[in-house]
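Here is the structure we will look at, set down as structure tokens.
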């Protein structure tokens, strides 16, 4: 039996001010909240009336041990667990993991598969931002926005279902390419979304951007400068809201992003409104990338979508009945997997929340020796004390939403 070590108050009192020890300020628990909110998060607040003196995040309520569980599975088996990390960026998680495996074993990816990966990753970015926009608005009492955003997200989930059979946990991207090619229906569904969604973005802007009630709740709240944001480890829209134009898709391009024409939106306010402004502008940039991807997809019609290196990628089912070598590869991959050469890699990608990195180490066997995820939500949570100090409790709700945390992304 494992004996839990008791934590004494003396070991924790450095987290609060001396005023809390005399009863001048009050200690209050905010959370743990139900998973249907922003996740199971507890904040220990030291309050002077309604003013936040200190804010101490307490995480771990959603811990799944994903990293250790992945190390107990073969490389391709482990991928299904990546969907369960940031559950609003499942395809992005798949992509990061597969890029790490491909770099480790030096596995090629056909151009058509690269294009499909980019299109799906940007659709996933839009879907994630829709959840952020809907829940952020709901937290600030703009209830209609929540319903509108989920309405549009359903269209994207229908597209995911058309290609993978699953709405969320797709595991569609595989080492060496994708599970299977997309159909003509996919292209039409994406094209319809490109025509439909711009009007919806304009509707969101009309409801919020100049709304005086919304402005009062987000302007000048949770301000962080560019230097402070970098020092806190911010990435993604939270960093770009402080004026730093850093995006992994531009700085360290992957999956052919260097071939796409798009901009990196920034804002200079460094507050909740600036982070809102960046994500709203990212909607338009993702649409630009998807539109270019559809044109590339048309040029690559009929091209392969999985690597022909059958030491790492299962051969097509049609070859199994006619080729003994294909049958052997099929049998070995699905019973033993593949052995990766000794070494380690780190691959960062741009998730909707910031830099998502995968550290993958091999000892030469058919299972990862070590997997560690560098997740933006975990890093951004540490900045809540800095962002919230001196604000009202009501402002804390807006601040938490503005950094767009997902607790599955943090508790691994």
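The values are calculated or read from the model by the stated rules, or taken from the named source; none is laboratory data. Since this is a predicted model, take the numbers as computed values, not measurements. So basically every Cβ, Gly included, is an ideal-geometry build from the backbone, and we count neighbours across all protein chains shown.
Structure notes:
- Residues satisfying the stated conditions in the stretch 177-195, i.e. free of Cβ contacts under 8 Å to residues at least 12 places away in the same chain and within 18 Å of residue 113 (Cβ to Cβ): 184
- Qualifying residue in the stretch 174-185 (condition: in a helix (DSSP H, G or I) and more than 29 Å from residue 208 (Cα to Cα)): yes
- Boolean, residue 162 is more than 21 Å from the chain's Cα centre (by Cα), within 29 Å of residue 315 (Cα to Cα) and part of a helix (DSSP H, G or I): yes
- Matching residues, the stretch 45-83, being in contact (Cβ under 8 Å) with a residue 60 or more places away in the chain, in a loop (DSSP other than H, G, I, E, B) and within 30 Å of residue 392 (Cα to Cα): 50, 59, 60, 61, 62, 63
- Number of positions in the stretch 244-276 that are touching a strand residue (DSSP E or B) at 6+ places or on another chain (Cβ under 9 Å), buried (at least 20 other Cβ atoms within 10 Å of the Cβ) and assigned to a loop (DSSP other than H, G, I, E, B): 3
- Qualifying residue in the stretch 309-331 (condition: over 24 Å from residue 117 (Cβ atoms), at pLDDT 90 or above and either surrounded by 17 or more Cβ atoms within 10 Å (Cβ to Cβ) or in contact with a helix residue (DSSP H, G or I) (Cβ under 7 Å, 6 or more places away or on another chain) (or both)): no
- Of all residues making up the stretch 114-137, the number that are in contact (Cβ under 8 Å) with a residue 40 or more places away in the chain and under 18 Å from residue 189 (Cα atoms): 12
- Total residues in the stretch 373-384, condition in contact (Cβ under 8 Å) with a residue 60 or more places away in the chain and either closer than 20 Å to residue 249 by Cβ or surrounded by fewer than 17 Cβ atoms within 10 Å (Cβ to Cβ) (or both): 7
- Qualifying residue in the stretch 85-104 (condition: farther than 21 Å from residue 378 by Cβ and over 24 Å from the mean Cα position of the chain (by Cα)): no
- Residue 69 in contact with a helix residue (DSSP H, G or I) (Cβ under 8 Å, 6 or more places away or on another chain), surrounded by fewer than 19 Cβ atoms within 10 Å (Cβ to Cβ) and modelled with pLDDT of 90 or more: yes
- Qualifying positions in the stretch 3-31 - part of a loop (DSSP other than H, G, I, E, B), touching a strand residue (DSSP E or B) at 6+ places or on another chain (Cβ under 7 Å) and at pLDDT 80 or above: 25
- Only one of the numbered conditions (1) surrounded by 14 or more Cβ atoms within 10 Å (Cβ to Cβ); (2) closer than 22 Å to residue 43 by Cα is not met by residue 390, and that is (1).
- Any hit, the stretch 345-365, residues being part of a helix (DSSP H, G or I), surrounded by fewer than 21 Cβ atoms within 10 Å (Cβ to Cβ) and modelled with pLDDT of 90 or more: no
- Only one of the numbered conditions (1) under 29 Å from the mean Cα position of the chain (by Cα); (2) assigned to a helix (DSSP H, G or I); (3) without any contact (Cβ under 8 Å) to a residue 60 or more places away in the chain is violated by residue 326, and that is (1).
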